[in-house]
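> Quick one: structure below, then a few questions.
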Amino acid sequence: MLSRLSSAKIRPLARNLPRRPSQTAAPRDTSRDNHEGRRQQTMKHLMETRVRDAIEKAMASGALLPGEIPGVVVEEPKSEDHGDYATTVALAMAKTWKMPPRNVAGILLAHFGNDDGLFSRLEIAGPGFLNATVAPSAWADVLHTVHSLGSEYGKNTLGAGQKIMVEFVSANPTGPLHVGHGRGAAVGDAMANILRHSGFDVTREYYINDSGRQIRTLGRSTYLRLKELAGQTVEFPGDCYQGDYIREIARAVREETPGILSMDEDAAVMLCARRAADIILEGIRQDLCDFGVTHDIWFSEQSLYDSGAVDAALESFKQTGQVYLKDGAWWFATSALGDEKDRVVIRQNGLTTYFASDIAYHQNKYARGFDKVIDVWGADHHGYIPRLAAAVEASGIARERFSVILVKLVNLLRGGEQVAMSTRSGEFVTLREVMDEVGPDMARFIFLSRHHESPLDFDLEAAKSQEKDNPVFYIQYAHARIASIFKLAGERGIPMFREKEPSARLLTEPEETRVLKKMAQYPEVVERAALFQEPHRVAFFLTELAALFHAFYNQHRVLTEDPELCRARLYLAEGVRVLVHGGLSLLGVKAPEHM
RNA sequence: GCGCCUGUAGCUCAGAUGGAUAGAGCAACGGACUUCUAAUCCGUAGGCCGCAGGUUCGAGUCCUGCCAGGCGCGCCA
């Protein structure tokens, strides 16, 4: 049914927001370094800088062959035994510098600046890694940053103020939203939040397919149900919408317009279509609202016909010859721009195709000043991407400015049994029902805790049976626990931490350091989620942060006798709370004070 | 047939630019609450990363071929 919500990706488009950061990482990094203060300097960047400095010094002293400074790779080793950061530059450059990797690493180590004692341990390991362990007390700076920035912590400047539109859901107004739309809604909304956090000026838009055959079918379905209500026996065709909601709409139309059946049939069907679409759209709007999704703009497809935009677009392409007449139909020459074949825009019968209005629609988007446009589609529409990308390019818009997030459809199960899903047949589980059963938070988190391109089995029974034991509550519980600590601290009159808590340097227990290290990763997680268009990264980060906090909580007391340590730990707890709250809000999930 | 996506622990899924001993949750088993919320924690067990080649000092990750599943291939949306 839904055209847009259904989804796939294609090679050229993957360039929109590159999957490989290498394409943007280098320029991004340097530009950032030039904007002191606009970005949040992370521990990882400090490490990168020092490695680079070591290379420069080694080259200057003649220990290394002089030449271009290579891109420095700093990674976070999986095992704590390998320190907090490791660089593989010695391995990568061994050939260029004509020296065994371990020797290169040794030279880097000898030139590594650590006068301030930022690193408590530096060593060469394995085939030529240079491992560095940050002094536990140095992590306190991360916490100061979190506190001074508050909910701003984690923001980045990737977008640099560019206007970006995320068009998502865009379900046809022919029936209620189902779970598949829910996934698209959750992904699109979270993506929009993450992009806003990454410096984009974001607009959420819903494209209403209120034109075309399906709307006429909707009108006809409603009209036939109206006849039924009037006691007439009608044959209800299989290609009409079977769902019970059509009957309800028919009743509403009969109340509003009692004489409708005595009207001219064409006019009556048209009226039915318009009313049915309005009623359904209002329901969709309400469902989305309860799901926590609000679109800034609801854009009507019909308006593109009414304003002449579709005709104008086609006409201009006829002028250039990119739209041409063949076999009685008008074709768009998309194959010249990467599509498999040319596509029809005006059929033999004179009616335009969906593609025709989509061309005008996308021209309209850019004409409104958007630098970038992201469409969120269901994966079954992936074959549609090349032709639309071709149309965008033919319209004089750089291909990188258009991208599509494909969301795999949801495989809905109930107790292991697959639930059939088809709007036309009327057999489907609505988003509304899912929200009623498991709650919007649970539903959103399930949608967002997997890569959007991996298939999703959503078992309603399993979700409910996990009532008390699931990742959403796990994260929310961490938030509630912290809130509870502060409530008790307030009741006991325990003095709160100061603006920049000096005793944060007391947080040197392994469990505390692990929490701080995780907090330090947050800005990069948000940035990567934006860069790769992968909101699930935030969900996984939050689970990890919550786990580390729970582990800390079980091992150490926050409200302890030592007043300095107590303040430091409150300071830590509040930092975690800020991140959990902020991260959950990116995902559109509530962060409760108590559970 | 062609194209795209997916294939990692019994189940659901992560896995960063190609890095060191592949991770988490659920399920299973064994422990931890007179102490800030046990919706938690600690531990044990669980793996030819679909298969086979290739590139590389190094491959779950890149290349090629194959297998399995999903989706697409319309003058539908």
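The values are calculated or read from the model by the stated rules, or taken from the named source; none is laboratory data. This one's a predicted model, so the numbers in the text were calculated from it and none came from an experiment. Virtual Cβ from ideal backbone geometry, glycine too; neighbours counted across all protein chains shown. Accessible surface areas use protein heavy atoms only, side chains included; no ligands, DNA or RNA. Shrake-Rupley method; radii C 1.70, N 1.55, O 1.52, S 1.80 Å.
> So if each residue of separation counts as 0.36 nm, and I subtract the Cα-Cα distance between A:Ala398 and A:Asn349, what length gain in nm does that give?
14.3 nm
> Cα axis of helix A:179-197 to longest principal axis of chain A: angle in degrees, 0 to 90, nearest 10?
Orientation of helix A:179-197: about 50 degrees from the principal axis.
> I've got another one for you. How high is the relative contact order of the range A:463-595, in percent, counting Cα pairs under 8 Å that sit 6 or more residues apart?
On the way: 122 pairs, mean separation 57.7, N = 133.
Relative contact order here is 43 percent.
> Suppose R0 equals 51 Å; then what is the FRET efficiency for A:Asp244 and A:Asp562 from their Cβ-Cβ distance, rounded to the nearest 0.05?
Efficiency at R0 = 51 Å is approximately 0.20.
> Can you compute the modelled spin-label distance between A:Asp327 and A:Thr233, with each label point 7 Å from Cα toward Cβ, in nm?
Label-label distance for A:Asp327 and A:Thr233, simple model: 4.3 nm.
> Once you place label points 7 Å from the Cα toward the Cβ at A:Arg213 and A:Leu261, how far apart are they in nm?
Result: 2.9 nm between the two label points.
> Let me ask another. Which value in nm describes the separation of the simple spin-label points at A:Thr96 and A:Glu593, placed 7 Å from the Cα toward the beta carbon?
5.6 nm
> Using only the Cα atoms of the range A:87-172, build the gyration tensor, take square roots of its eigenvalues as a ≥ b ≥ c, and label the shape rounded, prolate or oblate: rounded if a/c is under 1.5, else prolate if a/b is larger than b/c, else oblate.
oblate
> Here is a further query. For A:Asp278 and A:Lys78 in one chain, what is 0.36 nm times their gap in residues minus the Cα-Cα distance, to one decimal in nm?
Fully extending the segment from A:Asp278 to A:Lys78 adds 66.6 nm.
> Looking at the range A:434-537, which trypsin sites (Lys or Arg not before Pro) are in a loop (DSSP not H, G, I, E or B) and have at most 14 other Cβ atoms within 10 Å?
A:Lys468, A:Arg492, A:Arg498, A:Lys500
> Continuing with this model, one more query. List the GluC sites (Glu not before Pro) within the range A:541-595 that DSSP assigns to loop and that have no more than 10 neighbouring Cβ atoms inside 10 Å. Could the numbers behind the result be given before it?
Numbers: sites: A:Glu544, A:Glu561, A:Glu564, A:Glu574, A:Glu593; in loops: A:Glu561, A:Glu593.
When the GluC sites (Glu not before Pro) of the range A:541-595 are filtered for loop state and at most 10 Cβ neighbours within 10 Å, A:Glu561 remain.
> Related question: Give the span of the range A:41-134's Cα atoms along each principal axis, as three whole-Å numbers ordered largest to smallest.
31, 26, 20
> Once a ≥ b ≥ c are taken as the square roots of the eigenvalues of the Cα gyration tensor of the range A:396-549, is the result rounded (a/c under 1.5), prolate (a/b larger than b/c) or oblate (a/b not larger than b/c)?
Because a/c hits 1.5 or more and a/b fails to exceed b/c, the range A:396-549 counts as oblate.
> Oh, and also: Give the angle, between 0 and 90 degrees and rounded to the nearest 10, that separates the Cα long axis of helix A:265-290 from the longest principal axis of the Cα atoms of chain A.
The two axes meet at around 20 degrees.
> Of A:Ala171, A:Leu118, A:Val104, whose Cα points farthest to the positive end of the dipole of the range A:79-185 (charges on the beta-carbon: +1 Lys, Arg; -1 Asp, Glu; origin at the Cα centre)?
A:Ala171
> Mind pulling up the Rg/Rh value for the range A:213-290? Radius of gyration and Kirkwood radius, both on Cα.
Ratio of gyration radius to Kirkwood radius for the range A:213-290: 0.97.
> Dipole size in debye (nearest 20) for chain A around its Cα centre, Lys and Arg Cβ +1, Asp and Glu Cβ -1?
The dipole of chain A has a size of about 1060 debye.
> Let me ask something else about it. Residues of chain A: accessible area per residue at 1.4 Å, in Å²?
Value for chain A: 44 Å² per residue.
> Now for a different question. Output the relative contact order of the range A:292-383, whole-number percent, from Cα pairs under 8 angstrom with separation of 6+ residues.
That works out to 20 percent.
> Nearest-5 percent of antiparallel DSSP beta bridges in chain A?
Counting only bridges with both partners in chain A, antiparallel ones make up about 50 percent.
> How much length is gained if the chain between A:Ala252 and A:Thr294 is pulled fully straight, taking 0.36 nm per residue apart and subtracting their Cα-Cα distance, in nm to one decimal?
The A:Ala252-A:Thr294 span can extend by a further 12.5 nm.
> Okay, moving on. Once you have the alpha carbon radius of gyration of the range A:469-587, what is it after dividing by 2.2 N^0.38 Å, with N set to its residue count? Intermediate results must be reported in sequence, preceding the final value.
On the way: Rg = 14.6 Å, N = 119, 2.2 N^0.38 = 13.5 Å.
Rg over 2.2 N^0.38 Å, computed on Cα atoms: 1.08.
> Here's something else I'd like to know. Using the Karplus curve 6.51 cos²θ - 1.76 cosθ + 1.60 with θ = phi - 60°, work out ³J(HN,Hα) for each residue of the range A:578-590 in order, rounded to whole Hz, and write x for Gly and Pro.
4, 5, 5, 4, x, x, 5, 5, 4, 8, x, 10, 6
> Using only protein heavy atoms and a 1.4 Å probe, report how much of A:Ile280 is accessible, in Å² to the nearest 10.
Counting only protein heavy atoms, A:Ile280 exposes about 10 Å² to solvent.
> Summarise the long-distance tail of P(r) for chain A by giving the % of C-alpha pairs beyond 47 Å.
Cα-Cα pairs of chain A separated by over 47 Å account for 27 percent.
> Give the angle, between 0 and 90 degrees and rounded to the nearest 10, that separates the Cα long axis of helix A:354-367 from the longest principal axis of the Cα atoms of chain A.
Tilt relative to chain A: about 50 degrees.
> On the accessible surface of chain A, probed at 1.4 Å, how many percent belong to carbon and sulfur atoms?
The nonpolar share, carbon plus sulfur, comes to 50 percent.
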